[in-house]
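Have a look at the structure below, then the notes.
Where a number appears in this text, it was derived from the coordinates with a stated rule and is not lab data. Treat the numbers as computed from the prediction; the structure is a model and nothing was measured. Every residue, glycine as well, gets a Cβ built from its backbone with ideal geometry; the counts of neighbours run over all protein chains shown.
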Amino acid sequence: MDAPKFKRVILKLSGEALAGTMGYGIDPEVVSSIAVQIKEVVQLGVEVAVVIGGGNIWRGVAGSTKGMDRATADYMGMLATVINSLALQDALVQHNIVTRVQTAIEMRDVAEPYIRLRAIRHLEKGRVVIFAAGTGNPYFSTDTAAALRAAEIEAEVILMAKRVDGVYDSDPYKNKNAIKFTQLSYIDVLNKGLGVMDSTATSLCMDNRIPLFVFDINVPGNIKKVVLGENVGTYVGGDFIDTSV
């Protein structure tokens, strides 16, 4: 068996990924399938941390555009990420993967508070750590939370799990002639407004030299393929990688 290319990774999941075809809420079968993919990576000896969005339940930006106070709307979105994190934790536990949820907003009855060194210790012991509630601050996305946590725990890469198989120059669902990129620089993402991450998150990754892999989470085994270095999705980083090997 090939050796994994990374020792410690952050998996970034959108909230919509947990909804499946329902488009809203949590589909237990989809969550279970994601848990299976994570288990495959854990069994390779890779340390896995997860950041989940909350868009399948609530989007703070959407609420604020309809008159709600932005900070209040964002806090509601953070709580939605906690719900998703607990759902994924339950699925992982059912697959015999020891998991901890750490939340940036203190709620000790359901999750640990986020403590960087404790999170690293959990990872070193082979536990999956799910970071909930974003950064704990309004006006910041869960993409930014993923970039921030990756820097804090010294993750080698962020795995951006999407519902498309990479980064395109336009929406492939709306434009059948959309062109897929295999590799991009951080500057390309920022200048072209490609929507891989928001600009704050992208800049944070660029400053800390944290590469990204964007891939389709709906294809079973894709997380494992990325970790093993297979040519899946789109690579975003400061230096291009050799995909000819």
**Request:** Among the residues of the range 164-216, count how many are closer than 11 Å to V236 by Cβ and not hydrophobic (A, V, I, L, M, F, W, C).
**Result:** 8
**Asked** In the range 120-137, which residues are in contact with a Lys or Arg (Cβ under 6 Å, 6 or more places away or on another chain) and assigned to a strand (DSSP E or B)?
**Response** V129, F131
**Request:** Collect the residues in the range 135-155 that are of a type outside the set (S, T, N, Q), closer than 18 Å to I52 by Cα and in contact (Cβ under 8 Å) with a residue 60 or more places away in the chain, keeping them in residue-number order.
**Result:** P138, Y139, F140, D143, A145, A146, A147, R149, A150, I153, A155
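Quick grid of which residues meet (1) acidic (D, E); (2) in contact with a Ser or Thr (Cβ under 8 Å, 6 or more places away or on another chain); (3) in a loop (DSSP other than H, G, I, E, B):
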position: Y139; (1), (2), (3): no, no, yes
position: T144; (1), (2), (3): no, yes, no
position: R149; (1), (2), (3): no, no, no
position: A155; (1), (2), (3): no, no, yes
position: A161; (1), (2), (3): no, yes, no
position: V164; (1), (2), (3): no, no, yes
**Asked** Residue check: is A62 aliphatic (A, V, I, L, M) and free of Cβ contacts under 8 Å to residues at least 12 places away in the same chain?
**Response** yes
**Prompt:** G60 fails exactly one of the following numbered conditions: (1) over 29 Å from D165 (Cβ atoms); (2) in contact with a helix residue (DSSP H, G or I) (Cβ under 6 Å, 6 or more places away or on another chain). What is the number of that condition?
**Reply:** (1)
**Complete:** When restricted to S14, S32, the only residue farther than 23 Å from I158 by Cβ, of a type outside the set (K, R) and in contact (Cβ under 8 Å) with a residue 40 or more places away in the chain is S32
**Request:** For L79, work out the one condition from (1) closer than 30 Å to E124 by Cβ; (2) touching a Phe, Trp or Tyr at 6+ places or on another chain (Cβ under 9 Å); (3) buried (at least 19 other Cβ atoms within 10 Å of the Cβ) it doesn't fulfil.
**Result:** (3)
**Message:** Considering only the range 40-48, I want to know if a residue exists there that is within 18 Å of L159 (Cβ to Cβ), touching a residue at least 24 places away in the same chain (Cβ under 8 Å) and of a type in the set (G, A, S).
**Reply:** yes
**Complete:** Checked the range 113-149 for anything among the aromatic types (F, W, Y) and buried (at least 24 other Cβ atoms within 10 Å of the Cβ); matches are F131
**Prompt:** Of all residues in the range 89-112, which are surrounded by fewer than 17 Cβ atoms within 10 Å (Cβ to Cβ), touching a strand residue (DSSP E or B) at 6+ places or on another chain (Cβ under 7 Å) and closer than 22 Å to N137 by Cβ?
**Reply:** E106
**Message:** Which numbered condition in (1) within 16 Å of V226 (Cβ to Cβ); (2) within 15 Å of the chain's Cα centre (by Cα) is the only one that I52 fails?
**Reply:** (1)
